[in-house]
Each structure stands twice: as C-alpha cells, then as structure tokens.
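Read the structure below first, then the notes.
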Amino acid sequence: MLGDKPQKKRERPQGGRGGGDGGGDKGGDKANKKTKYYQQSKGGTGQAVPIGSRGLLVTCDAGREDKAGDEAVALIEEHYDKLTDPTAASAAPAAAEADEAKDTKDETEGSGDGADKAAAAGGSDSGSGSKDIAALLAAEVAEIKQTKGRGGRFRVHNTGVKGCIYVLFPPFAETKPGAPGPAAVARSIAQEAQDKKQVRGRHIVRFLPVTAACFAGLEEIKAAAPKLVESHFPDAEDSTPVEFAVEYEHRSAEGFERLDVINAFTAVIKTPPHKVNLKAPSKVVLVQLIRNGCAMAVVEGYKELAKFNVRKLAEVEEA
C-alpha cells in the first residue's frame with residue numbers, strides 16, 4: 001500500500017543453541033558445554049558400556065562425573081591392590097605416615113642441624129638414621145608403584161548418562177591369575193564404608209560390578225545369560241542349593257518388561273536345586289540397562305551391603 005514504509009528484514013542472531021556466541025548472553029556457551037558432555041571418552045566406541053568389557057558402573061552426583069571418576073579410580077586401585085597383595089597395599093599408608101612423621105621432626109629441629117642429619121644418615125647413631133632412610137625408601141617405592149598403577153590400568157569411560165560413569169577393568173588376558181574381579185572390589189569398598197562409617201569420596205554413591213556386557217536388546221541378554229550364571233549356579237544333581245534374586249534397573253534407556261528380563265535368567269538357572277529368594281538372597285544377578293548397553297554381574301552380599309551404596313553404609317544409626 002502507498003504510504004507504508006518497507007519493513008526491514010530482521011536478521012537472525014548468530015549462534016544460539018549448540019554453537020557460537022549466540023543470543024541470550026551465554027546461551028551458546030551453555031549449549032556447547034552440554035554438547036561436549038555427551039561426547040565419548042577418547043578411544044570410545046559410542047557404547048555406554050563397551051561390549052565384552054568388565055568393570056564398575058559408578059553412580060555419582062550429576063555434574064561431578066570427572067571428580068567422581070578420580071575418586072573411584074583411586075579407591076578401586078587401592079582395594080584391587082589390597083585384595084591382590086595385602087602386604088603391598090599396607091606399605092603405602094605406612095610409608096606415608098613415616099614420611100609425614102619425618103617432615104614434622106625436620107620442621108621442629110630447624111634447618112641448622114645438617115651435620116647431625118648427615119651423621120644419622122651415615123649410621124653413626126644407634127640406628128635411628130637407618131630407620132629414617134628405610135622409611136624414605138619405602139615411601140619412594142610406594143609412590144612409584146602408585147604412579148605406575150595409575151598409568152592406565154583402570155580407565156574411566158563416558159557412559160553418556162548424567163550421574164553415571166564406567167571404570168573399565170583390564171581384560172582377562174592382561175590380569176594375573178587370582179587377581180580380584182569387579183565384584184570382589186565393589187564388595188571390599190562397600191564393606192570398608194560399613195566398617196569405618198566413612199565415605200571416601202565426596203561425589204560417589206554406588207559401585208555396581210560388571211562382569212559381562214552386551215547390546216541392550218532382549219535377545220542379546222538372553223544369549224549372554226547362560227555364560228554369566230553357569231559358574232555361580234551349577235546344575236549337577238549334587239550341587240549346593242543357592243538362593244538368588246534378579247535385580248533389574250534401567251537408566252536413559254527404553255526399558256523392557258521387568259518379567260521378560262528376569263525370566264531370561266531364571267530360565268537358565270536350574271530350580272531346584274536353586275531357589276528364588278527376593279528378601280534374603282545369597283546371590284543377586286544384577287542387570288543394568290544403560291542407554292544402548294546392558295551390564296550384568298552375579299554378586300554376593302548385595303542386599304546386606306545396602307546395594308553397594310557407600311553413603312548409606314557410612315550412615316551412623318541413632319541410638
């Protein structure tokens with residue numbers, strides 16, 4: 001129409017959700033951070049739980065996955081070593097205490113007694129110098145072992161789900177005979193939390209063992225079930241009866257009918273001699289559906305140890 005001014009075409013701001021310096025102040029940055037969060041860890045396969053792997057699913061505070069990963073790896077390293085060689089595991093804290101005691105002694109005596117320290121190191125005293133040197137050597141050895149152990153033996157894998165990380169264990173081919181598996185390590189960590197009433201990790205909640213992993217499909221789960229349970233539930237006539245339960249959970253995944261999953265395992269466990277006991281099972285078949293993966297394990301002490309929830313285990317009961 002005459003007299004109307006031509007409307008200026010409104011330009012769309014650059015960026016926005018998922019990129020650039022978009023409008024809304026810092027909206028683009030937040031979106032970028034969210035996008036980065038869901039990227040798989042270096043060398044990842046896109047699977048929430050790599051197929052055929054074993055390890056520990058660790059639930060944690062959402063947004064604190066990186067810190068929880070560091071806490072979890074440190075705990076797993078310690079308990080793995082303790083279960084492998086109790087004497088070697090106890091050397092590290094003992095050496096640390098000796099080193100700390102020596103530092104305190106040095107601070108008290110001051111820096112002007114170098115001659116006395118040299119004499120002690122030379123063994124001219126009644127053996128105290130040799131003890132100090134032994135403590136220092138033990139501390140160095142423990143530190144070297146700790147550093148070497150953390151060089152990749154246990155690796156944190158990004159599941160792509162908030163509040164849940166996965167710590168990969170070494171493959172069977174790379175482990176020594178008799179080395180503890182994920183179930184033994186998880187139980188050891190949980191038992192310590194209960195005994196000491198202490199949570200050794202600010203952001204960790206639960207440790208869930210994984211001894212078998214497959215794609216999150218019902219047929220794949222059914223195919224993996226026999227191998228998972230065969231050593232835990234022998235079907236010979238003279239086998240010792242085992243009371244068991246199947247625990248099924250799913251996170252960020254389209255869950256199946258609970259009974260379908262449970263039946264996939266009860267169908268391959270011979271009853272009798274074995275028997276279902278939902279209240280007080282001696283063994284629990286854990287089935288964790290997480291995004292596009294299914295993590296499984298058979299564990300003992302699961303109900304007694306608060307489903308391996310270290311926060312609950314550390315709670316002090318009121319009198």
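The values are calculated or read from the model by the stated rules, or taken from the named source; none is laboratory data. These figures come from a predicted structure and were not determined experimentally. Glycine gets a Cβ as well: all are built from the backbone with ideal geometry, and neighbour counts include every protein chain shown.
Any idea which of PRO226, PRO273 is in contact with a Ser or Thr (Cβ under 6 Å, 6 or more places away or on another chain), in contact (Cβ under 8 Å) with a residue 24 or more places away in the chain and either surrounded by 13 or more Cβ atoms within 10 Å (Cβ to Cβ) or of a type in the set (Asp, Glu) (or both)? It is PRO273. Kindly establish whether SER282 is surrounded by 13 or more Cβ atoms within 10 Å (Cβ to Cβ), more than 19 Å from ILE51 (Cβ to Cβ) and at pLDDT below 95. The answer is no for SER282.
Yes/no per residue for (1) out of contact with any Leu (no Cβ under 8 Å at 6 or more places or on another chain); (2) more than 26 Å from CYS60 (Cα to Cα):
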residue	(1), (2)
THR266	yes, yes
ILE269	yes, yes
PRO272	yes, yes
LEU278	yes, yes
SER282	yes, yes
LEU289	yes, no
CYS294	yes, no
VAL299	no, no
LEU305	no, no
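Considering region 252-270, the residues that are of a type in the set (Gly, Ala, Ser) and surrounded by fewer than 14 Cβ atoms within 10 Å (Cβ to Cβ) include one that is nearest to PRO241 (Cα to Cα), namely ALA267.
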